[in-house]
Each structure stands twice: as structure tokens, then as C-alpha cells.
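Peer 1: Questions regarding the structure given below will be posed in turn.
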Amino acid sequence: MRAAVLKSPGAIEVDRAYPEPPMDPGDLKLQVEYTGICGSDLHIFTVQPPMMKLPAVLGHEFSARVVEVGPDARGFETGDRAVGLIYPSCGRCEYCVQGDFTLCDLRVVSIDARNGSFAEYITVPARQLFLVPPGTPADEAALIEPASVAVHAIRRSRLSVGERVVVFGGGPLGLLIMKLAQLGGADRVVLVEPAAGRRKLAEQYGADLALDPNEEIHGQIMDATDGRGADVAFEVAGNGRAFAAAGKAVRKTGRMVVVAVYEGRDVPYNPNRFVGDEIDLIHSFWANATDFRRAVNLVSSRKLDVRPLITGRVTLEQMQSAMETLVADRGSHSKVLVSCS
Ligand SMILES: [Zn+2]
Ligand SMILES: [Zn+2]
């Protein structure tokens with residue numbers, strides 16, 4: 001099969017004879033339609049974290065068609081469209097049993113066991129897959145995985161109707177969180193993002209206010225929240241400055257939700273602020289089965305319209321140059337989809 005193989009940091013090559021992934025009895029074999037390029041893929045492309053062994057096929061934000069159903073796999077037929085969690089989980093630990101497969105006790109061990117979805121085919125346990133209603137376009141379905149991460153963050157935040165929200169980071173995930181906060185009844189959502197192109201997209205996508213963190217933002221956040229601060233701040237940027245600004249932007253008894261991954265970067269944590277003002281510091285990691293099911297429904301019904309986030313489409317053969325473009329100028333793009341079949 002064809003697969004875009006990351007051979008060494010910064011170097012992707014299309015292998016036309018890459019071995020097809022192994023299939024267990026509970027698996028589905030899927031033909032990948034689209035895979036979104038994620039910030040984490042870009043990070044591995046440039047840095048290669050120690051746990052990642054190369055060569056490897058990345059990609060986890062997929063939409064795909066079922067081409068083979070394992071003898072023990074339930075709930076799917078050939079031709080169905082599916083999305084889900086690509087990394088195998090054990091299916092037996094206490095987290096897997098309750099659908100929290102991204103918290104599986106074995107997750108680190110299993111992370112590079114099979115190829116990712118920048119490839120023609122993947123195999124995935126059926127219990128980690130979710131049926132997409134017919135009629136949902138494949139390109140939009142590829143946004144269900146990041147949408148499920150946003151659903152998880154909103155659920156973790158305990159957002160309620162009429163609350164004020166600030167989101168730090170205007171990449172695809174930040175914008176999905178912004179949009180879902182509005183769907184969830186937020187009174188006002190402020191987005192903070194340094195790249196002008198991403199701020200403009202955020203405004204078109206419905207941000208009540210889009211601020212540049214290189215300017216003075218705290219006063220503007222206070223003005224937008226009647227001088228109280230936000231009920232909820234989401235930190236999706238992944239840098240210490242944004243972490244500090246988010247902590248400052250939250251009102252007394254508010255919640256700060258950290259969704260970003262910090263690659264070894266220290267953050268300025270001031271416990272006295274969080275203790276003295278009784279701020280809940282919440283962390284949100286990936287998505288569970290409930291989040292995926294909700295994201296399937298929201299994207300399929302277009303109550304969460306992901307089309308404005310798709311700013312580019314490339315083939316597997318064009319991935320090397322697409323990754324280089326994104327590394328050089330991420331701020332001019334949002335979600336870039338790779339057509340994989
Ligand atoms: Zn991702
Ligand atoms: Zn498990």
C-alpha cells in the first residue's frame with residue numbers, strides 16, 4: 001500500500017510498497033479517505049520526541065471506509081464510514097472498560113505498534129471506532145477527531161449557559177473549543193492568538209473578540225467581562241506566557257482548563273493566585289467514547305460546521321512540502337487535509 005513515511009526528522013517519503021498493517025480478530029480494516037495534519041504531527045516532524053521511533057507513519061485525524069470486518073468485530077459492515085481513535089488500547093484495563101481509551105494503562109507501550117493514517121490502509125479495534133452517518137462528507141468527517149478533543153475540553157470545563165470564556169490559541173482546536181463554547185451557551189467568547197491570519201479566521205468563525213497577545217490584552221479581557229474576568233479560560237497555546245495570561249484572565253472561583261501539551265517547557269505556576277481566588281485548574285487530555293459519539297453527531301448535523309476550518313488539501317505525495325509550509329508559516333493556515341487514497 002501507499003504510505004507517507006517519516007524517515008528522519010523533517011523528511012517524509014511516499015513508500016508505494018509499505019506493508020499493510022496486521023489485523024486482529026476484533027479489528028476493522030479501513031481505507032483512509034482524509035487525514036488532517038495535527039500540531040502534534042508537525043511537532044514530531046520537526047523535533048522527534050524520544051518515545052517516537054523512526055521510520056514511522058504518522059496521522060490520527062482520519063475519516064475512512066470499512067473494507068474488512070474482523071470475525072470478532074461488531075457493529076460495522078463493509079462500506080461504512082468510520083472515525084475514531086487510531087492508537088490501540090488494551091480494552092481490558094479499568095479506563096478502557098469505561099470508554100476512556102486514551103487513558104489506557106498500556107497507551108505508551110502501544111503508541112507505535114501500527115501505522116498511522118497518512119497511509120492507504122489502517123487497522124483499528126472496532127470498539128474504538130464510531131459510525132459516521134451516510135451523507136456526512138469525508139472531508140468534514142476527518143475533523144471529528146479534533147472536534148471530539150474540543151468536546152472533551154468543554155465537558156471538563158463544566159461550562160454553563162451565560163458564562164464568559166477566553167480561549168488562548170487560535171489553531172483548529174482553539175477554534176473548535178470557541179465554537180462549542182458558543183453552542184454551549186457562552187455569553188461571550190474572546191480568542192487570543194498571535195497570528196493575524198488566524199485571528200481573522202476566528203472572527204469569521206464567530207469569535208466575539210480576537211486579541212493579539214503581543215499587545216496589552218488583560219485590560220481588554222477585563223472590559224469584555226465587566227471587570228470580573230472570564231468564568232472559564234482554555235489554554236490551548238502550549239506556552240508559558242499563555243499559561244500565565246490565562247491564569248490572570250480567570251475570575252475568582254472560575255476554571256482554567258489546560259488542553260495544550262507542553263513539550264518540556266516550564267510554565268510560571270503561581271499557586272497563591274489559584275488558592276487565594278479559589279480557581280479550579282483542570283486538565284483535559286484527548287477524548288473518550290462519549291466525546292467521539294457527540295462529535296460525530298455535532299459534525300454530521302453541521303451544528304458544529306467545520307468547513308471554514310479546512311484551509312488546504314494535499315495528496316500523500318505533497319505531504320513533505322505541506323509540512324514544510326506549515327512549519328514555516330503555521331499562522332496562515334488552519335486544518336490541512338491529506339487525501340490518502
Ligand atoms: Zn490531533
Ligand atoms: Zn486499557
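Any read-out appearing in this document is the output of simple, stated calculations on the displayed coordinates, not a laboratory observation. Everything numeric here is computed off the predicted structure, so don't read it as measured data. Quick reminder, even Gly has a Cβ in these numbers, built from the backbone with ideal geometry, and neighbours come from all protein chains shown.
Peer 1: Can you give the calculated 222 nm mean residue ellipticity of the chain, where each DSSP H run of n ≥ 4 adds -39,500 (n - 2.57) and the sum is split over every residue, rounded to the nearest 500 deg cm²/dmol?
Peer 2: Per the formula, -8000 deg cm²/dmol.
Peer 1: Taking 7 Å along the Cα-to-C-beta vector as the label spot, tell me the V67-A244 distance in nanometres, rounded to one decimal.
Peer 2: Reported label-point gap for V67 and A244 is 5.2 nm.
Peer 1: Picking from G331, G135, G59, which is most flexible by a Gaussian network model of the chain using Cα springs under 10 Å?
Peer 2: G135
Peer 1: Here's something else I'd like to know. Treat every Asp and Glu Cβ in the range 149-283 as -1 and every Lys and Arg Cβ as +1, leave all other atoms uncharged, and give the resulting dipole magnitude about the Cα centre to the nearest 20 debye.
Peer 2: 300
Peer 1: 7 Å from Cα along Cα→Cβ at both V97 and T253: what's the point-to-point distance in nm?
Peer 2: 3.8
Peer 1: Another question about this same structure. Which Cα, out of I217, S334, V232, lies furthest along the positive dipole direction of the chain (beta carbon charges, K/R +1, D/E -1)?
Peer 2: The residue sitting most towards the positive pole is V232.
Peer 1: Another question, then. So for the range 124-223, Kirkwood radius off the Cα pairs, Stokes-Einstein at 37 °C and 0.692 mPa s: how many µm² s⁻¹?
Peer 2: D, rounded to a whole number, is 223 µm²/s.
Peer 1: Just how far, in whole angstrom, is the range 300-341 from the range 216-252 if you go by their alpha carbon centroids?
Peer 2: If you average the Cα positions of each part, the centres end up 29 Å apart.
Peer 1: What ranking, highest mean first, results for peptides 221-227, 289-295 when packing means the other Cβ atoms within 10 Å averaged over each residue? Kindly include the intermediate steps, with their values, before the conclusion.
Peer 2: Numbers: 221-227: 15.6, 289-295: 21.0.
Put in order of decreasing packing, that is 289-295, 221-227.
Peer 1: Can you bin the range 28-177 into rounded, prolate or oblate? Criterion: square roots of the alpha carbon gyration tensor eigenvalues sorted a ≥ b ≥ c, rounded for a/c under 1.5, prolate for a/b above b/c, oblate for the rest.
Peer 2: Cα axes put the range 28-177 in the rounded bin.
Peer 1: How would the range 205-336 be classified by its alpha-carbon gyration tensor: rounded, prolate or oblate, with rounded meaning a/c under 1.5 and the a/b versus b/c comparison settling the rest?
Peer 2: Taking the square roots of the gyration eigenvalues as a ≥ b ≥ c, the range 205-336 is prolate.
Peer 1: Take the alpha carbon atoms of the range 215-258, find their radius of gyration, then divide it by 2.2 N^0.38 Å using N residues; give the quotient.
Peer 2: 1.06
Peer 1: For K200, which aspartates and glutamates qualify as cross-link partners when the Cα separation must be under 14 Å and same-chain residues fewer than eight apart are set aside?
Peer 2: D208, D212
Peer 1: Averaging over every viewing direction, what projected area does the convex hull of the Cα atoms of the chain cover, in nm²? Please report the intermediate quantities before stating the final value.
Peer 2: Working: hull surface 64.9 nm².
Dividing the Cα hull surface by four gives the mean projection, 16.2 nm².
Peer 1: Among T253, T136, T315, which comes first, then next, by fewest other beta-carbon atoms within 10 Å?
Peer 2: T253, T315, T136
Peer 1: Quick check: from the Cα gyration tensor, does the range 149-283 come out rounded (a/c under 1.5), prolate or oblate?
Peer 2: It comes out rounded by the Cα gyration axes.
Peer 1: Another question about this same structure. Could you tell me the distance between the Cα centroids of the range 1-38 and the range 125-155, to the nearest Å?
Peer 2: After rounding, the separation between the Cα centres reads 19 Å.
Peer 1: Using the per-residue mean of other Cβ atoms lying within 10 Å as a proxy for protection, in what order, highest first, do the peptides 63-73, 273-283, 184-194 fall?
Peer 2: On the way: 63-73: 18.1, 273-283: 13.4, 184-194: 21.8.
Highest to lowest by the protection proxy: 184-194, 63-73, 273-283.
Peer 1: Also, I was wondering about something else. Strictly over 18 Å apart at the Cα level, which of K7/K335; K53/K335; K179/K303; K29/K335; K29/K303 would you flag in this model? Before the final figure, lay out each step's value.
Peer 2: Working: K7/K335 23 Å; K53/K335 26 Å; K179/K303 10 Å; K29/K335 25 Å; K29/K303 30 Å.
Long pairs (Cα-Cα over 18 Å): K7/K335; K53/K335; K29/K335; K29/K303.
Peer 1: So, R0 is 22 Å and r is the distance between the beta-carbons of L42 and S341; what FRET efficiency does that work out to, to 0.05?
Peer 2: With R0 = 22 Å, the Cβ-Cβ based efficiency is 0.45.
Peer 1: A further question on this structure: Can you compute the modelled spin-label distance between E324 and D305, with each label point 7 Å from Cα toward Cβ, in nm?
Peer 2: Using points 7 Å along Cα→Cβ, the separation is 3.6 nm.
Peer 1: Continuing with this model, one more query. If you rank D231, D266 by fewest surrounding Cβ atoms within 10 Å, what's the result?
Peer 2: D266, D231
Peer 1: Also, quick follow-up: Using Cβ contacts closer than 10 Å as the measure, can you line up M1, M51 from fewest to most?
Peer 2: M51, M1
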